[in-house]
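Take a look at the structure below.
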Amino acid sequence: MSTLLVALASMVGFIVAYHTYGRWLSRKIFALDPEANVPSHELRDDVDFVPTKKSVIFGHHFTSIAGTGPIVGPAIAVFWGWLPALIWVVLGSIFIGAVHDFGALVVSLRNRGQTVGEVAGRLISPRARILFLLVLFLALTVVLAIFGLVIALIFAFYPESVLPVWISMPLAIGIGYWCYRRGGDLLLPSIVALLVIYGTVYLGAYYFPINVSELIGMDLTGDFPNVVVMWTFVLLAYCFVASVMPVWLLLQPRDYINSHQLVVALVLLIAGLFVAGFTGQADLAAIPAIAPQENIPVDAPPILPFLFITIACGACSGFHCLVSSGTSSKQIARETDAQYVGYGAMLLEGGLAVVVILACCAGVGMGLFEPQATATGTDWVAVVDADTGAQVTGMAAWQTRYDVSAGWSSFKLKQMVQAFVEGGANFLSAIGIPLKLGISIVAVLVACFAATTLDTATRLQRYVIQELAMTLHIKPATNKYVATGIAVGLGGVLAMLPGPSGPGSGGLILWPLFGAVNQLLAGLAFMVTVFYLWRRKKPVIFALIPMVLMLILPAWAMLWQMFNGESGWLWGGKMWLFSFGVVVMTLQIWMVIEATLMFPHVKGVLEESLPPLPAKPKAAVAGVGGDARSC
């Protein structure tokens, strides 16, 4: 019953928070106005700026901010115990993460859809703008370099996920064309697409798992070329095309369809969790709420501050400010939709992180399984105790999956994704879904999240590069095709460096930086929101406290990684990481100094207004393809 009670309390908490704290922010602090002019109408070009129904933009926003973060982060952090992870996810998403996302979205909405980095130049100082954009650029370069590896590995671990992920692309283009060019309804084709995707989930599980390594006889990693390299090139080429296409043709409908698929999977997981918890199959009490010392790897970083770095998405993540101010603000059709999209999507992501925590603890404790090759593909068989012949369950199962004997380095993507997929499949088995199909459903959920984040990150990097180019007067890079080429090119170059697993894994060289850099972004985004409100004599304490936390905790973690004895980047000879760490810390300290010097002097002083827009021909203002809000 403990599993059920934890799930119920968390979900009720999120719902209450949306209708109380979220409403207070929306009405009293930001005073959202349904009649206000918004960028999607003011700058409508039917490529990036497209007025969109809030249900559609919610799907894009949720799938873009989620990625694999709310899965991998909590799946790692539970080795400290499930209770600290749960508290950070629930309280963090309500009072920090959702406020961060919502604030960035509103500030961008009221600044013509500019990213928070661009807005920082007018709210704080011109130098702050360049500093912020440079941090964004570094973070997104690492994301683009690493996600090809992430998706390639997911496809390799779970070949049943390949077909459903790729089938969603042509379906989305067809639906986008039907809705925005032919004026068709969105609901029916979306339902059909959802059925097709789940049909391919079944086909992938039982008949058409696509294992590229076996099909072309190429190693997953290692010498050039390998499967990761192949997938990286394919994915970056796809991202280039997706980033320059009109947002309504692929990004919106793809994310809308995926959001339905992901919500269905989450509903099934929650239903299985409730049944398993009510019947006592899933017993959270059997797993340590706070892990004893013997269950923590001796070389693991300390829980403080690293819990707040390990779990980012699902509690608070700086990447979300890029989505809020980079793509979502350009599609919001009314200001009042911002609470639903910005605050609500973060709470749903927090709900996903709660499910992940419970799956990786109580779900894994329901029983261990391992893959076994058969004549028709891969099957899953129970892991049994050598002495008793009984299936390994409870604490023994959890300790097997979270084996600390190999040290902190054993907590890798494969093991953590495996813990969630198998724990989630155990929940699904409680409502009668066969284990093999359940594993396919959860694996597709993980792969779809990763894929949607990758092409959104490419579009965001394009915006950042264009803004930097305008600031530095590099005219060629203001072109969207050139900027996109730079984005995918740099990501590809970094990925192709000979990283720990050979070409294709070069992003792993800088990946240890990303956790702290990502959370520093959250602190800097909070700083922009605080300045926006301070200049308008609005209350700021609700954002000021999270801002301080999200500046101090990541900086603390970064300094620990840089200087911690022999394992630190400096003494351990990891000079690439150390050098980039110095750069990031310098940029952060510089920006904090800029903000601190300005803060006492700007209360009640509005920033300089944006220059007036040039007049547009009437036809250009109306846009093409009808009103996107009809879909």
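Laboratory data are not the source of any read-out in this text; all were calculated from the coordinates shown. Here the structure is a predicted model, which means the values were calculated and not measured. Neighbour counts are summed over all protein chains in view; Cβ atoms, including those assigned to glycine, are modelled from backbone coordinates with ideal geometry.
Loop sites here are trypsin sites (Lys or Arg not before Pro) outside DSSP states H, G, I, E and B with no more than 10 other Cβ atoms within 10 Å. The longest part of the chain free of them is 183-536. What shape does the range 204-289 have by the C-alpha gyration tensor, where a ≥ b ≥ c are the square roots of the eigenvalues, rounded means a/c under 1.5, and otherwise prolate means a/b greater than b/c and oblate the rest? It is oblate, given that a/c is not under 1.5 and a/b is not larger than b/c. Aspartates and glutamates near residue 436 by alpha-carbon distance under 16 Å, same-chain residues fewer than 8 away left out - which ones? Candidates past the 8-residue exclusion: 160, 370, 379, 422. Overall shape: oblate for the range 172-228, with the ratio a/c of the largest to smallest alpha carbon gyration tensor axis at 1.5 or above and b/c at least equal to a/b.
Checking the a/c ratio against 1.5 first, then a/b against b/c, what shape does the Cα gyration tensor give for the range 378-450?
In terms of gyration-tensor shape, oblate.
Using alpha carbon centroids, what distance separates the range 330-395 and the range 309-329, in Å? Spelled out, the Cα-based centre of one part sits 21 Å from the other. Taking the longest Cα principal axis of the chain as reference, the axis of helix 541-563 is set at about 60 degrees.
Between residue 234 and residue 385, the simple label model (points 7 Å from Cα in the Cβ direction) yields a spacing of 4.4 nm.
In this rough spin-label picture, where each label sits 7 Å from Cα along the Cβ direction, the residue 395-residue 224 distance is 5.1 nm. Values of log10 I(q)/I(0) for the chain across q = 0.06, 0.07, 0.09, 0.12 Å⁻¹ run -0.29, -0.41, -0.69, -1.30, by the Debye formula with one identical scatterer at each alpha carbon and no solvent.
Here is how the number arises for the chain: DSSP H runs of 4 or more residues each give -39500 (n - 2.57), the sum is divided by the residue count, and the result at 222 nm is -20500 deg cm²/dmol. When we measure straight from the Cα of residue 603, which lysines land under 17 angstrom away, once same-chain ones fewer than 8 places off are left out? Output for residue 603: 537, 538.
Taking the longest Cα principal axis of the chain as reference, the axis of helix 480-496 is set at about 30 degrees. Between residue 91 and residue 576, the FRET efficiency from the beta-carbon distance, with R0 = 45 Å, is close to 0.80. Gain on full extension, evaluated as 0.36 nm per residue between residue 593 and residue 566 minus their Cα-Cα distance, stands at 6.6 nm. With neighbours defined as other Cβ atoms within 10 Å of a residue's Cβ, the residues 440, 125, 10, 579 order from fewest to most as 579, 125, 10, 440. What FRET efficiency would be calculated for the residue pair residue 607, residue 21, taking the C-beta separation as r and a Förster radius of 22 Å, to the nearest 0.05? The formula returns an efficiency of 0.25 here.
This ranking places 541, 197, 589 by how few other beta-carbon atoms lie within 10 Å of each, fewest first, which gives 541, 589, 197.
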